[in-house]
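Below: the structure, in structure tokens.
The values are calculated or read from the model by the stated rules, or taken from the named source; none is laboratory data. Since this is a predicted model, take the numbers as computed values, not measurements. So basically every Cβ, Gly included, is an ideal-geometry build from the backbone, and we count neighbours across all protein chains shown. For accessibility, only protein heavy atoms count, side chains too; no ligands or nucleic acids. Shrake-Rupley method; radii C 1.70, N 1.55, O 1.52, S 1.80 Å.
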There are 2 protein chains.
Amino acid sequence: MPAKAEIPENTTAPAALDASLNAERMPVETRILKLDLPPEGFRLVSGRTLKSLDVAYETYGILNAAKSNAVMICSPLTTDAHAAGYNASYEKAKERIGWWDDMIGPGKAIDTNRYFVIASNMLGGCKGTTGPCSVNPETGKPYGSAFPKISVEDMVAVQRLLSLQLGIDVLEAVVGGSMGGMQALQWSTSFPDKVRKCICIAAAACLSAQALGFEIIGRKVIVNDSGFHGGDFYQHGTIPERGLAYARMIGHLTYLSALSMHEKFGRNRKEDWDEKRFETGFEVESYLNHQGDQFVKRFDANSYLHITWAMDHFDLVARYGSLDKAFAPSQAEFLLVALSSDWLFFPEQTRELGRVLLNQKKIVSVVELDSPYGHDAFLLEVANLSQVITGFLEKPAFDNGSGGGPGNGSAGDRQGGPRPAKGTDTSWKPRGKSFGASRDLEALASLIERGSHILDIGCGDGVLIDRMYKSHGVTGIGIDIALPHVVECLRKNVPVLQSDADRGLSLISDGAFDYAVLNRTLQEVKKPQLVLNEMLRVARKGIVAFPNFAFVGNRLSLLTTGVMPVSEALPYNWHDTPNIHLFSLDDFRLLCAREGIRIEKVLYLGESMISRLMLGLGRPNLGSEFVIASIARES
Amino acid sequence: MPAKAEIPENTTAPAALDASLNAERMPVETRILKLDLPPEGFRLVSGRTLKSLDVAYETYGILNAAKSNAVMICSPLTTDAHAAGYNASYEKAKERIGWWDDMIGPGKAIDTNRYFVIASNMLGGCKGTTGPCSVNPETGKPYGSAFPKISVEDMVAVQRLLSLQLGIDVLEAVVGGSMGGMQALQWSTSFPDKVRKCICIAAAACLSAQALGFEIIGRKVIVNDSGFHGGDFYQHGTIPERGLAYARMIGHLTYLSALSMHEKFGRNRKEDWDEKRFETGFEVESYLNHQGDQFVKRFDANSYLHITWAMDHFDLVARYGSLDKAFAPSQAEFLLVALSSDWLFFPEQTRELGRVLLNQKKIVSVVELDSPYGHDAFLLEVANLSQVITGFLEKPAFDNGSGGGPGNGSAGDRQGGPRPAKGTDTSWKPRGKSFGASRDLEALASLIERGSHILDIGCGDGVLIDRMYKSHGVTGIGIDIALPHVVECLRKNVPVLQSDADRGLSLISDGAFDYAVLNRTLQEVKKPQLVLNEMLRVARKGIVAFPNFAFVGNRLSLLTTGVMPVSEALPYNWHDTPNIHLFSLDDFRLLCAREGIRIEKVLYLGESMISRLMLGLGRPNLGSEFVIASIARES
């Protein structure tokens, strides 16, 4: 009879812990769980079966009574179940700390004071979960070449069995980077109603041709090693040592960026090397040798082959016919994070995934973190990543029952209300959005029908959608380029695309929104004409709010002073203004006429005496300090 | 007695050829030249010697009587002497066409109607030039492991001997891409007075750590192959077949971009593959297999090891102490070309090299070609590259005697005067530089001392430096981002940096120029304040010419019409203007005052009645339609 899962109790004692404590204060251990399987065993996607299945796993934090706070960590290529905390069973001090301990722990982004976190060694691995070096129950010898090909889908199916056996049906979140991100996507596809939040970092719906190329060469080098013996090297007492080391070296290079390698090694050299073997003595060579040697000691060559093979064949389009079909049933809310200098999974792949999910009206945020450190930045440079994930996870849980419009969920659900933004760059201030913001928002809101779905281009901290959600029941998505804005949006439960206006709009399909809003943004974009037309492609109507350069105050200021006007509505000096295309209400009218855009309604705003006077005289282009116009495509 | 070089006569018949003819019309052959060596042999940088040395080479075009029209083609990693034309001796039809035939030939960028072009197989190669598979005269067997380590410097020394033996002392140009670019740089360093023009494409003064990493792994895979036998596989009747193939595959991936691979292969699959060996059937795998197999057939593993080893150790800083010392003696004029998506030799490396040469007051142009096709674009996508090289080579020859200030050389030298720009994008028009350009230039010129050295930021087609060179004897360099502008500059003999203002200025050291000019550019840059300060860092004085937004015509236009003014000086609509920071003369004065910049002299330009009236009344901020100011740092 298979062992029942043991949920470790009190592995953390939240009251005694805070964010500043290091991993050594969170003692953890890896457990092995034999999965309950039907008599025929675990059926793989390929149709083949595994008679028995062990899973190595760790858990952190405490499962709540409702069993609704579980987070599944999906692991990248070569890590094990020890994701966080301090595991004394490892020989080397460094390995005792979990591989993603920077992200997981009390007070950290994946907060073990709040969540019950599960990490496991993946199917096909060599760290306790059944893999090619495990004993084949049918032969009593290691599987070796008899181990069947596996898929990411199989890995996730095993994680699902683990989760069930731990007593958890629905996961609050699945989180993974790199190949772990692929698993996270697969979770939302395989088990569409069992995942509330899906966080996919530095990953994609499939590997690029370039990444495939490096993987393929790595495997050839292993298979061709004289120690490989067709995969049955265990019996021969050999390992494909050099092959595995070289494959690791190739892979390792793809995890780093050119800049990070330059900073780390440059062309530094050590003193002695074997010139006969064409060694160079460059530090990068010593480093690669070290990486290779260490890897050979800790990893099984067959596991490497099977797991990379599974990664290479992960392809949601090939499996489901299209990304649309793959994600259609999913009820998860998505956070997709790309890393700017990642060239293994490059940001365009993440944007493409975002485009699909947006078009399906999923709740999705797409973030592109600026990092010079390549793919491995998701492991190494976690400050910004932590902010983003914290913002996303701190939101109220998505309400599965109510169906899936973005921005959905009741404000009353929010757990704990506004919190200080932990780790947020406090130097950020919402510049240029402060002028009469409340009054403007009210005026702007009056042009939008209740319950609409809106796109806020240049959304800042997401205040418009947040307030209009509360006051008018609108749902929506914001677009903004600044990370602090993005984090604020996430914290407010406003889905957000981190992008400039031009590129952000390219992610959105025709007619996806009722309204597109440009609140004090049109004068900041590089191509106002393009953006105006784009907003009326993606939305039925547009709302454009802008400072009127022809406001009489500006005209008189220029006429009399001879310098560029600086005012409440135009608060910048000419040389450091984000307002790179100044224009007047009449300029705007002329452009709309030329582009076949109908101006349906205009609100003229101005507080000053002269403004009110001119508006009273029916001279809006003179009187309006600030204008809000509702526009639509001429029919 | 060593054979004398035979210069093939009439390998091309210029009168009968034109640019549209293909390579089959230029029959060529590869010859082998035994180099004249002193009795002790050819001494390598390492101190070791080679007793005898053969060089395989081809030539195209006719050497003129003065022997002053020779161009040396420096070849990349694995090519041979057959760079251009049709060589019937090759078995495969494809190989009969030279590897850079798109660039070299009658009417092409390296024009064999004009130049006598030499290409050779590099030292250490396996295509006729002495290398590790050549017979060691001391043993009568192939060198194998006895072949000494070689360097790029040795390769260039061999090319120098070849050139001398062909009767040529001074080369009109050396041209090379990738490792050939390294050789071109080495030429200008090893033989500083023997190279008039140095064209270095997609190369650098050393390999990056990332590129080193891939090279290093490739060599390990070869050396570890069971067929390698320590390099003496010739005697064993083996070759390190798989090792060499895998090394080639790794290298090949670094020559392509992710985008080009995606376009070429995507995730397409063929029907059958050997799953047991973990093959995938992806087209990228078939392609890599093919590349590997073909390479093993045509290339020697020891040559690959030695040549990549030489490339990895090419490092001008390590060899000469600094890039400054390396290039100080060189009298060459430089053209450095980077490729935007090249990640083997990335553009920042080219800019760094440009920075050094600029600081040494060399004549240097730095071009960054926009290409999605990665490193190999220098072989595959030659349209833009041809324009740039044609522009650079069509210039009058640099006058070695007169000493090296940029823009140097007499206009009277120009060969044939202005020509129609062959292959230039004719859709380009010099927008926004047309307003009273001649008159403005004259006014602007009046502020610049004769014989000065100037930097023209946003130089357009280089007309300012070109004219002021003729009229005022100034020398100078332009900065411009648009390729058609860059090509025009090169054609005018105006050295140019292809860059935006901000990044371009970062290449230039303090006080490198007498004047920095911003002619109708300040209103177009993203950070006017930064650029103003930068121009006074790199130059003693600045000249800023700009449209005055406070010109009374503009003010009245805005006051009366309520739309943004469009005039001769401001010829754009608000929404598609490059003028993203409008400002007035008084705005400019205020900014200068704040930044500690002294305005030394101002010229007020305006043709209209009202302009002349206001200027007459002493109201320049009202009257000037256009302003030219001379500025300097407050002392």
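Before moving on, here are some points about what is shown:
- In region B:193-207, the residue that is surrounded by the fewest Cβ atoms within 10 Å (Cβ to Cβ) out of those that are closer than 18 Å to B:E394 by Cβ and of a type in the set (K, R) is B:R196.
- Members of region B:167-223 found to be farther than 25 Å from A:R242 by Cβ and assigned to a helix (DSSP H, G or I), listed by number: B:M179, B:G180, B:G181, B:M182, B:Q183, B:A184, B:L185, B:Q186, B:W187, B:S188, B:T189, B:S190
- Checking region A:123-133 against the condition returns no match, with no residue being over 27 Å from A:K297 (Cβ atoms) and touching a strand residue (DSSP E or B) at 6+ places or on another chain (Cβ under 7 Å).
- Taken over region B:448-462, the residue count meeting the criterion of being touching a Phe, Trp or Tyr at 6+ places or on another chain (Cβ under 8 Å) and either basic (K, R) or open to solvent by less than 20 Å² (accessible area, probe 1.4 Å) (or both) is 4.
- The C-beta contact set for region B:190-218 (first residue within 14 Å of chain A (Cβ to nearest Cβ), second residue among the small types (G, A, S) and surrounded by 24 or more Cβ atoms within 10 Å (Cβ to Cβ), distance under 7 angstrom, 6+ apart or interchain) comprises B:G218/B:A247.
- Scanning region A:517-560 for residues that are away from every other protein chain (no Cβ under 12 Å) and charged (D, E, K, R) turns up A:R520, A:E534, A:R537, A:R540, A:K541.
- Entry remark, region A:366-384: residues being of a type in the set (G, A, S) and in contact with a helix residue (DSSP H, G or I) (Cβ under 6 Å, 6 or more places away or on another chain) number 2 in total.
- Test: residue in region B:336-343 that is under 19 Å from the mean Cα position of the chain (by Cα), more than 30 Å from A:I217 (Cβ to Cβ), away from chain A (no Cβ under 11 Å) and in contact (Cβ under 8 Å) with a residue 24 or more places away in the chain: yes
- Being in contact (Cβ under 8 Å) with a residue 60 or more places away in the chain, out of contact with any Leu (no Cβ under 8 Å at 6 or more places or on another chain) and either open to solvent by 30 Å² or more (accessible area, probe 1.4 Å) or farther than 19 Å from A:G227 by Cβ (or both) is a property that holds for B:Y234.
- Applying the set (1) touching a Gly at 6+ places or on another chain (Cβ under 6 Å); (2) of a type outside the set (V, I, T); (3) within 14 Å of chain B (Cβ to nearest Cβ) to A:G606 leaves exactly one unmet item: (3).
- Filter result (surrounded by 16 or more Cβ atoms within 10 Å (Cβ to Cβ) and of a type in the set (G, A, S)) within region A:23-51: A:A23
- Against the test of being more than 8 Å from chain B (Cβ to nearest Cβ), more than 30 Å from A:V195 (Cα to Cα) and out of contact with any Asp or Glu (no Cβ under 8 Å at 6 or more places or on another chain), the options A:Y287, A:Y320 yield a single qualifying residue, A:Y287.
- Region A:561-603, residues that are surrounded by fewer than 20 Cβ atoms within 10 Å (Cβ to Cβ), more than 9 Å from chain B (Cβ to nearest Cβ) and part of a loop (DSSP other than H, G, I, E, B): A:P565, A:V566, A:S567, A:E568, A:P571, A:Y572, A:P578, A:E595, A:G596
- Condition check for A:F314: within 14 Å of chain B (Cβ to nearest Cβ), surrounded by fewer than 20 Cβ atoms within 10 Å (Cβ to Cβ), over 18 Å from the mean Cα position of the chain (by Cα) and within 24 Å of A:V221 (Cβ to Cβ): no
- Qualifying residue in region B:356-372 (condition: touching a residue at least 40 places away in the same chain (Cβ under 8 Å), open to solvent by less than 20 Å² (accessible area, probe 1.4 Å) and within 14 Å of chain A (Cβ to nearest Cβ)): no
- Residue that is nearest to A:E172 (Cα to Cα) [pool: residues in region A:116-154 that are among the aliphatic types (A, V, I, L, M) and buried (at least 24 other Cβ atoms within 10 Å of the Cβ)]: A:V117
- Here A:D102 does not qualify as buried (at least 22 other Cβ atoms within 10 Å of the Cβ), at pLDDT 95 or above, under 22 Å from A:I389 (Cβ atoms) and of a type outside the set (A, V, I, L, M).
- Residues satisfying the stated conditions in region A:184-207, i.e. out of contact with any Asp or Glu (no Cβ under 9 Å at 6 or more places or on another chain) and either within 26 Å of B:R269 (Cα to Cα) or among the polar types (S, T, N, Q) (or both): A:A184, A:L185, A:W187, A:S188, A:A203
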